[in-house]
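In what follows, a single structure is set out as structure tokens and then discussed.
Nothing in this text is a laboratory measurement; each read-out follows from the coordinates by a stated rule. Everything numeric in this text was worked out from a predicted model, so none of it was measured. Here the Cβ is made from the backbone with ideal geometry for all residues, glycine too, and neighbour counts use every protein chain on show.
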Amino acid sequence: HDNLAAFLQWCLHEFADTDIGVVFAATSICFDLSIFELFFSLTAGRTVRIIESPAHIGEWLGAHRRVLLNTVPSVVMELARSGHDLSNVTAVNVAGEPAPPALREVLDLSRTEVRNLYGPSEDTTYSTVHRLDDSGAAVPIGRPVDNTRVYVLDAAGQPVGIDVAGEIHLSGRGLCRGYVNRPRLNEDMFAEHPEFPGERLYRT
């Protein structure tokens with residue numbers, strides 16, 4: 001469980017100064033966002049409010065203060081569009097979909113910490129993080145979380161230049177061991193790290 005331990009270590013560091021009273025756990029346990037909602041909350045000594053599904057988040061917003069929402073951007077946008085009061089929300093994590101710039105318009109960034117997070121399940125939930133501010137148009141996926149390395153490589157496995165398209169490759173303590181009983185898929189998706197013996201690269 002070293003990958004989960006590494007992830008929680010980053011969580012505790014990243015959210016150490018964030019004002020959180022309760023974390024809403026509305027994600028199915030089949031989806032890796034639930035790892036953050038359940039394990040971070042309890043490790044950090046926060047309250048967890050288990051909610052049936054993201055569609056019911058609005059029903060609980062008025063019942064709690066200092067709420068952290070951890071969900072896909074479309075749910076946050078829908079909560080705002082439908083007129084729900086988000087004044088009790090002090091932190092928002094969005095992941096699983098591209099984050100629209102309109103998030104800056106529907107959330108008060110002066111009092112709400114908003115993070116855009118990216119990562120495949122194979123790298124234990126989150127690989128990169130970007131804290132939103134009022135600047136810029138597009139919302140980037142950010143920089144690597146602790147214990148993670150991120151590379152953008154071309155088809156030959158070489159780093160690409162700035163503004164050149166490539167494929168994201170991940171390495172670090174968050175990587176899973178591989179796919180159970182799927183050796184060919186493991187061979188396609190994982191490779192030995194060329195610079196760090198014993199480590200692997202994951203092709204996203």
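By the gyration tensor of its Cα atoms, with a ≥ b ≥ c the square roots of the eigenvalues, what is the shape of segment 148-203: rounded for a/c under 1.5, prolate for a/b over b/c, or oblate?
Values: a/c = 2.19, a/b = 1.63, b/c = 1.34.
Taking the square roots of the gyration eigenvalues as a ≥ b ≥ c, segment 148-203 is prolate.
Take Tyr126, Tyr179 and order them by how many other Cβ atoms sit within 10 Å, fewest up front.
Tyr179, Tyr126
Enter the Cα centre distance for the pair segment 1-55 and segment 63-85, rounded to the nearest angstrom.
Comparing the Cα centres of segment 1-55 and segment 63-85, I get a distance of 16 Å.
Quick one: net charge of Glu78's neighbours, Cβ under 15 Å, K/R +1, D/E -1?
On the way: positive: Arg81; negative: Glu59, Asp85, Glu97, Glu105.
In short, -3.
At 0.36 nm per residue, minus the direct Cα-Cα distance, what do Arg65 and Ala138 gain on full extension? Give it in nm, one decimal, please.
Numbers: separation 73, 0.36 × 73 = 26.28 nm, distance 3.01 nm.
Contour length minus the Cα-Cα distance gives 23.3 nm.
Using the Cβ atoms and a cut-off under 14 Å, what net charge is assigned to the surroundings of Arg65, where Lys and Arg are +1 and Asp and Glu are -1? Don't jump to the answer; show the numbers that get you there.
Numbers: positive: Arg46, Arg49, Arg66, Arg111; negative: Asp19, Asp85.
Counting the neighbours of Arg65, the net charge comes to +2.
Provide the packing ranking of 191-204, 26-39, i.e. peptides ordered by the mean count of other C-beta atoms within 10 Å per residue, highest first.
Numbers: 191-204: 13.4, 26-39: 17.8.
Highest-to-lowest ranking by the protection proxy: 26-39, 191-204.
Distance in nm between label sites at Ala80 and Arg182, each 7 Å beyond Cα in the beta-carbon direction?
Using points 7 Å along Cα→Cβ, the separation is 3.5 nm.
Say each of Thr204 and Leu109 gets a label point 7 Å from the Cα, pointing the same way as Cα to Cβ; how far apart are those two points in nm?
Those two pseudo-labels are separated by 2.1 nm.
Springs between alpha-carbon pairs under 10 angstrom, Gaussian network model over the chain: which of Leu117, Leu86, Leu69 fluctuates most?
Per the Cα network of the chain with a 10 Å cutoff, Leu86 tops the list.
Just need the relative contact order of segment 48-202 here, percent rounded to a whole number, with Cα pairs under 8 Å and 6+ apart.
Once divided by the residue count of segment 48-202, the mean separation gives 13 percent.
With springs connecting C-alpha atoms under 10 Å apart, model the chain as a Gaussian network and identify which of Val76, Val67, Val106 has the largest mean-square fluctuation.
Maximum among the listed residues: Val106.
When a/c reaches 1.5 or more, the comparison of a/b and b/c decides; with that in mind, is segment 2-144 rounded, prolate or oblate per its Cα gyration tensor?
On the way: a/c = 1.44, a/b = 1.12, b/c = 1.29.
Judged from the Cα gyration tensor, segment 2-144 comes out rounded (a/c under 1.5).
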